[in-house]
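Everything on this sheet refers to the single structure shown next.
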Amino acid sequence: MLEVQNVERRFGGLIAVNDVSMKVAEGEIVALIGPNGAGKTTLFNVIAGVLPPNRGTVSYQGRSITGLGSARISHLGLARTFQIPQLFTSMTALETATIGALSRTRSISEAREIAAQVLEVVGLSDRQHDRCTTLTISGKKRLEIARALATRPKMILLDEVMAGLNLPEVHRLLDLIRKLREDGMTILLVEHNIEAVLNVADRIVVLDQGQKIADGPPREVLTEKRVVSAYLGDDYVLA
Amino acid sequence: MKCTWLDWHRLDFVGAGILLLIAVGLPLAMEDRFFLNLLFLVFLYAGLASAWNLLGGYAGQFSLGHTAFFGIGAYSSTILYTFSGVSPWLGLCVGVVLSLTLAFLISYPVFRLRGVFFAMATIAMGETVRIVLLWSREKVGLPYGISINFEPGFLNMIFSNTRGYAWLGGAFMLLTTAICYLMTRSRAGFYLKALRDNEDAAQAVGIDLRRYKLTAFLLSAGLTSVGGTLMAQYVLYIEPATVFNITISIDLALMTILGGIGTIFGPLIGAAITLPLQEFLKDWLGPFGAGAHLVVYALILIGIVMLLPEGVMGLLRKLRPESRGQRHA
């Protein structure tokens, strides 16, 4: 479904993402993890079309989306959320989701119906007429997901959706992610919270200092020597 | 712009009815030329401020260069009418085409800028148009000021009765308000609010920023140009120092902010407050020395903005917070 090939992205002399390739199959939940500064967010932004790569290609459903720009990528059915919620501050939750739905229909009333549906899915129906700035962090993150879902994507990119949430909130969000997958959604998560990811991801890709150091099922990946040393330092690697 | 007519609220009909009544009925109810003149100016500026609001309010692109389109509108019709006898109605269309062309060309550099930088670039645009006019005036032998001969007639867009101008202004106000209204009820209007609130998020849900900003800019520039033509036909005399004066841009922004930026009625209310206030202060404080009324006018404006940071419409919204599903937790 999504294929990243030999992507390199530099900022001046710094190579943030260095020759990374990865794939996400249809219906799969893949988590992209790594310590701070590993290049996760940069890679995410390259995939979402915010940053063009210096080298390499990104393709979605068999067609190249390299450097296409986030608006057109969204129209192709690849949606995203933001790590720090980027909401339409003057709008209510319903209006925010309506903006997403308008990319599939010109009719305001139809878009509003779609918006109400996706708010139901993420569990925000009771707050739909509240200004989005009054929502809790968890609410804002779920509204981000609702707005992305309203564009009717086939795949969704989630940028650290669990960051800043407490345990019950994390569990609700994991339930939501599983539910989305049951409905046929393909999901790529960028995550810091390894424990949460273990429970939901089919596969984990680990980045460290811009390079891919592991790719495989969660339990296997997390026992790999290079992954443990990247996160905890060499002292913790079991002999 | 496709609209969902089923979405009309009953309140919208009430608002449209009141506006129609004001635009058509108020000129009929007035006899005094002073008030009819004032009414024309209020209508004209209400329309101009609404046009500014399309770009500055809904799209959040704070332009201070609208003087350029106003002046182009005034000059296009006046030059064509006084030197070639072309009807100002046709001149108005020529002005609109020129303004749209300028807006389209200038959009490429200015839409790369955000916030204050956008405002500064638009000021530069306005000044450039004025300076180019002053420079080319000498080359083609155009007089500094141009007087329009007083030959009343609908085709000449000149009226012997001030009431005719009041209606003309009223029609202009209705036109711009209707366009603003249709905008807010269409996808374009929703998208403009979205990109004003957050450009990154707007792009992420597939909004083509340039396309929608440009739509707002073109509509805004074209309508401002129409207003320029109307003003020239009313004053019957134009010169660069007045029709290309940057205070026009500032006044439009001021009225809109005062009434309520990004709302349909805000610009109308703003124009209806500031222009009469200025006139009456001039009348009352005239004996106290030149400029005394401006000092008091400025103090009153500062007071209003401090008390009502969201304009008069913001106050009205606060007075009925539970209506229209606008619940703020």
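Bear in mind these aren't lab numbers, they're just calculated from the coordinates by the rules spelled out. Here the structure is a predicted model, which means the values were calculated and not measured. Counting neighbours? That spans all protein chains shown, and the Cβs are built from the backbone with ideal geometry, glycine included.
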Please give every one of the lysines within straight-line cross-link reach of A:Lys179, meaning a C-alpha to C-alpha distance under 21 Å, and leave out same-chain neighbours fewer than 8 residues apart. A:Lys140, A:Lys141, A:Lys154
Helix-only mean residue ellipticity at 222 nm for chain B, each DSSP H run of n ≥ 4 adding -39500 (n - 2.57), per residue, nearest 500: -24000 deg cm²/dmol
Computed FRET efficiency, Cβ-Cβ of A:Ser109 and A:Leu174, R0 30 Å: what is it to the nearest 0.05? 0.35
Identify which of B:Phe13, B:Phe104, B:Phe40 has the largest mean-square fluctuation in a Gaussian network model of chain B, with springs joining Cα atoms closer than 10 Å. B:Phe13
What is the sum of charges, Lys and Arg at +1 and Asp and Glu at -1, for the other residues whose Cβ falls under 10 Å from the Cβ of A:Val17? +3
Please compute the contact order of region A:1-126 in relative form: average sequence separation of alpha-carbon pairs under 8 Å and at least six residues apart, divided by the residue count, as a percent. 19 percent
Using the Cα gyration tensor of region B:80-231, with a ≥ b ≥ c the square roots of its eigenvalues, what is the shape: rounded (a/c below 1.5), prolate (a/b larger than b/c) or oblate (neither)? oblate
Using a Gaussian network for chain A with springs between C-alpha atoms less than 10 Å apart, which of these wobbles most: A:Ser103, A:Ser90, A:Ser70? A:Ser90
Between the residues B:Leu281, A:Gly62, B:Asn245, the Cα farthest towards the positive end of the dipole of the protein assembly as shown, that dipole coming from +1 and -1 charges on the beta-carbon of Lys, Arg, Asp and Glu, is from A:Gly62
Cross-link reach from A:Lys212 to lysines, straight Cα distance under 17 Å and at least 8 residues apart if same chain, gives A:Lys23, A:Lys40, A:Lys225
Suppose a student asked you for the relative contact order of region A:85-150, using Cα pairs under 8 Å spaced at least 6 residues apart; what percent would you report? 46 percent
Which of the three applies to the protein assembly as shown, rounded, prolate or oblate, going by the alpha-carbon gyration tensor with a ≥ b ≥ c and a/c under 1.5 meaning rounded? prolate
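If you take each beta carbon of peptide A:108-114 and count the beta carbons of other chains within 10 angstrom, what is the mean?
Average per residue, whole number: 3.
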Prolate/oblate/rounded call for region A:51-179, Cα gyration tensor, a/c under 1.5 rounded: oblate
Lysine pairs, Cα distance under 24 Å, 8 or more residues apart or cross-chain: how many in chain B? 4
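So if we plug the beta-carbon distance of A:Glu8 and B:Glu199 into 1/(1 + (r/R0)^6) with R0 = 25 Å, what FRET efficiency do we get, rounded to 0.05?
Numbers: r = 27 Å, r/R0 = 1.08.
That pair, A:Glu8 with B:Glu199, gives E of 0.40.
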What residue among A:Gly210, A:Gly39, A:Gly13 has the largest mean-square fluctuation in a Gaussian network model of chain A, using Cα springs under 10 Å? A:Gly13
How far apart, in nm, are two points set 7 Å out from the Cα along the Cα-to-Cβ line at A:Arg72 and at B:Ala29? 5.6 nm
Within chain B, what's the longest run with no trypsin sites (Lys or Arg not before Pro) in a DSSP loop and at most 16 other beta-carbon atoms within 10 Å? Give the range, please. B:115-329
Counting only the backbone N, which residues of region B:89-119 are under 19 Å from the spot 7 Å out from the Cα of B:Leu155 toward its beta-carbon? B:89-94
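Mind listing which chymotrypsin sites (Phe, Trp or Tyr not before Pro) in region B:152-213 are in a DSSP loop and have 11 or fewer other Cβ atoms within 10 Å?
Answer by residue number: B:Phe154.
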